[in-house]
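Below: one structure, written as structure tokens.
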Amino acid sequence: MPESSPLRIAVLGAGRIGSAFAFQLASAGHHDVTVIARPGSPRLGQLRRDDGIVTVKGERASVRIIDTLDEQTPYDLVIVTLLAFQVDAVLPALRRSAARCIQFMFVTFDPERLREAVGAERCALGMPFIQSDFDSDGRLKTTIGAGGQKTIMSQQRWVDLFNTAGLPAALETQMPLWLRCHVPLSIAFESISVAGERRGGGAAWAEAMVIARGLRESFALIRGLGYPIYPRAKVRISGAPTWLVAAVLWTISRIKPFRELLATGIKECRALVDALTAAAPHAKPPVKVARIQAMRPD
């Protein structure tokens, strides 16, 4: 059921996704929202100058703005919208915090590590699906629910919270497995986008084939670690002919908005490839790790 009274919520990460979530939860959900931005960052300065989150339409959400998680505040929910390779820096503070629930909202190859870090009883997982960006003045532009997209989450309570705040969401009961199996696709999309941006109009066919082979090998790694591929759509992708996957990647690298957005994830792409590479020695049967590494942008 939807929350009957405002909750105390902290959003750790004030980028495109975190700002969009914070805006909706504060303005439409009427919750008490605190936004935590990196100390000394331009985004922190922007939020303080605007005294909240401002959209391109001139709408403003009043939120508290701080640069460090207050470990003593018993937040009902802390939403972490950092990337997997950034989260290590804040895990000790999250572990010590009085937060009742910590919702990690990013793709990761090792979701169990997050549960161990903060305690399984207060750990929730999710993956945001929302289109959001800033204009040149730092104002937020968000498209919600485009194409029927819904953020997926591991706990029904937070699904209800998001839906009530105008953030379409759905329950995913196999969230850890979903996240692990999404890593190969994240790498492939980001890597092909980087290649397309570097060429100025789309990736080369040879580059698409390299990434398609790496994608197939990444799914083989997941199976080699003892996990099934999930959900069914990814099963179909993992078994598709390499040339067909390459053709899809080659084509989407020519869609300029897609390419420009995902090419910004080059650091995440490198970190995810490194995570797969680190896990590869444990796979049985062995995988061709060089094919996975070949997806890593230089």
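The values are calculated or read from the model by the stated rules, or taken from the named source; none is laboratory data. Being a predicted model, the structure only gives us computed values, none of them experimental. Quick reminder, even Gly has a Cβ in these numbers, built from the backbone with ideal geometry, and neighbours come from all protein chains shown. Heavy atoms of the whole protein, side chains included, go into the accessibility calculation; ligands, DNA and RNA do not. Shrake-Rupley method; radii C 1.70, N 1.55, O 1.52, S 1.80 Å.
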Some residue of the range 49-57 being under 25 Å from Lys141 (Cβ atoms), open to solvent by less than 30 Å² (accessible area, probe 1.4 Å), in contact with a Pro (Cβ under 7 Å, 6 or more places away or on another chain) and modelled with pLDDT of 95 or more: no
Test: residue in the range 196-213 that is more than 19 Å from Asp298 (Cα to Cα), in contact with a helix residue (DSSP H, G or I) (Cβ under 6 Å, 6 or more places away or on another chain), without any contact (Cβ under 8 Å) to a residue 40 or more places away in the chain and part of a helix (DSSP H, G or I): no
Residue list for the range 96-114, filter: open to solvent by 30 Å² or more (accessible area, probe 1.4 Å) and touching a Phe, Trp or Tyr at 6+ places or on another chain (Cβ under 9 Å): Ala98, Arg100
Which numbered condition Lys141 misses (of (1) part of a helix (DSSP H, G or I); (2) of a type in the set (Lys, Arg); (3) closer than 23 Å to Glu260 by Cβ): (1)
Near pairs, Cβ below 9 angstrom, 6+ apart or cross-chain, from the range 222-245 (farther than 22 Å from Asp110 by Cβ) to any residue that is in a loop (DSSP other than H, G, I, E, B): Gly239/Ile229
Helices (runs of 4 or more DSSP H) contained entirely in the range 218-298, each with at least 1 residues that are open to solvent by less than 60 Å² (accessible area, probe 1.4 Å) and of a type in the set (Lys, Arg): 232-239, 256-263
Positions within the range 101-138 being assigned to a loop (DSSP other than H, G, I, E, B) and closer than 13 Å to Ala169 by Cα, in sequence order: Pro128, Phe129, Ile130
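Among residues belonging to the range 115-141 that are under 19 Å from Thr264 (Cα atoms) and open to solvent by 50 Å² or more (accessible area, probe 1.4 Å), point out the one that is nearest to the chain's Cα centre (by Cα). Before you say what the answer is, go through the steps one by one.
Taking the range 115-141 first, the residues under 19 Å from Thr264 (Cα atoms) are 127-141.
Keeping just the survivors that are open to solvent by 50 Å² or more (accessible area, probe 1.4 Å) gives 129, 131, 133-134, 136-137, 139, 141.
Details: Phe129: 8, Gln131: 12, Asp133: 14, Phe134: 17, Ser136: 23, Asp137: 24, Arg139: 21, Lys141: 18 Å.
Only one residue fits best here, namely Phe129.
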Cβ-Cβ under 6 Å pairs, at least 6 apart or on other chains, the range 21-50 side assigned to a helix (DSSP H, G or I), far side basic (Lys, Arg): none
Residue check, Val90 closer than 30 Å to Thr277 by Cβ and either touching a Lys or Arg at 6+ places or on another chain (Cβ under 8 Å) or among the aliphatic types (A, V, I, L, M) (or both): yes
Pair list, Cβ < 9 Å and 6+ apart or interchain, from the range 68-92 residues that are within 16 Å of Ala117 (Cα to Cα) to residues that are part of a loop (DSSP other than H, G, I, E, B) and acidic (Asp, Glu): Ala84/Asp110
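With of a type in the set (A, V, I, L, M, F, W, C) and modelled with pLDDT of 95 or more as the only criterion, which of Leu83, Leu77 stands out?
On the way: Leu83 fails: modelled with pLDDT of 95 or more.
Exactly one residue qualifies, and that residue is Leu77.
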